[in-house]
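Right, one structure below, let's go through it.
The values are calculated or read from the model by the stated rules, or taken from the named source; none is laboratory data. Keep in mind it's a predicted model, so treat the numbers as computed, not measured. Using ideal geometry, Cβ is built from the backbone for each residue, glycine included, and neighbour counts are taken over all protein chains shown. Surface accessibility is based on the protein's heavy atoms, side chains included, excluding ligands, DNA and RNA. Shrake-Rupley method; radii C 1.70, N 1.55, O 1.52, S 1.80 Å.
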Amino acid sequence: MSLGLTANYLLSVNEDEFGNIPDFAQRVDLKARFNANIGNVLKMEPNMDIYPGLDLGLHNFGAHLGFRYFFTDGFGLFGEAGVPIAKYDKNTSGFDRLNNQFVLNIGASFNL
C-alpha cells in the first residue's frame, strides 16, 4: 500500500464561446491518494507494479488504475487512467467540468 499527494494544473485551456477564461481555482486540483500495490500478489517481476487506487481531491472523489515500471531501484515510469466517482457539484458546467472527467497520466516515479 502507498499514500501520496498529487497536484495538477491545466495548461492551454481556451476561452469559452463567451470569451471567458478559467480562473486559477478552475485550473488547479490537489488530491490525496491511496494505492494498493498488487504487483507482488500477481507474481510480477519486482521492478513492475500494478496499482488500483482511490483519490480525494478539491473537485471530486475518484478512482485510478496504474502500471509502474522501475528501470533502477529509485527511478521508473508510470501510466494510469482515472475517473471521477462522485463529483462535489453534480451540475458541473463550463470550466468546472475540466477536473471532473476521464484522465490519462504518464510520468516519472521515484522510490525514496
Worksheet entry | Inter-residue pairs, beta-carbon under 7 Å, first in contact (Cβ under 8 Å) with a residue 60 or more places away in the chain and in the stretch 79-104, second open to solvent by 60 Å² or more (accessible area, probe 1.4 Å), 6+ apart | D96/D89
Discussion item. Looking only at the stretch 86-112, count every residue that is in a strand (DSSP E or B), farther than 19 Å from L5 by Cβ and among the aliphatic types (A, V, I, L, M) and tell me the total.
Written reply: 2
Worksheet item: Does the stretch 64-83 hold any residues that are open to solvent by 40 Å² or more (accessible area, probe 1.4 Å) and either under 13 Å from the mean Cα position of the chain (by Cα) or aliphatic (A, V, I, L, M) (or both), and which are they?
Response: L65, F67, L77, F78, V83
Worksheet item: With respect to the numbered conditions (1) at positive phi; (2) open to solvent by 70 Å² or more (accessible area, probe 1.4 Å), which one is the sole condition not fulfilled by G94?
Response: (2)
Worksheet item: (1) touching a residue at least 12 places away in the same chain (Cβ under 8 Å); (2) within 20 Å of Y9 (Cα to Cα): which one isn't true of Y69, the others all being true?
Response: (2)
Worksheet item: Does G76 satisfy the condition of being over 19 Å from A7 (Cβ atoms) and assigned to a strand (DSSP E or B)?
Response: yes
Item to complete: Could you list all residues from the stretch 1-51 that are touching a residue at least 24 places away in the same chain (Cβ under 8 Å) and among the basic types (K, R)?
Response: R27, K31, R33
Worksheet entry | Residue match in the stretch 97-108 (condition: polar (S, T, N, Q), at pLDDT below 95 and touching a Pro at 6+ places or on another chain (Cβ under 8 Å)) | yes
Worksheet item: How many residues, within the stretch 90-112, are under 20 Å from G74 (Cβ atoms) and touching a Leu at 6+ places or on another chain (Cβ under 8 Å)?
Response: 4
Item to complete: Among the residues of the stretch 25-56, write down those that are within 16 Å of R97 (Cα to Cα), at pLDDT 90 or above and touching a Phe, Trp or Tyr at 6+ places or on another chain (Cβ under 9 Å).
Response: V28, D29
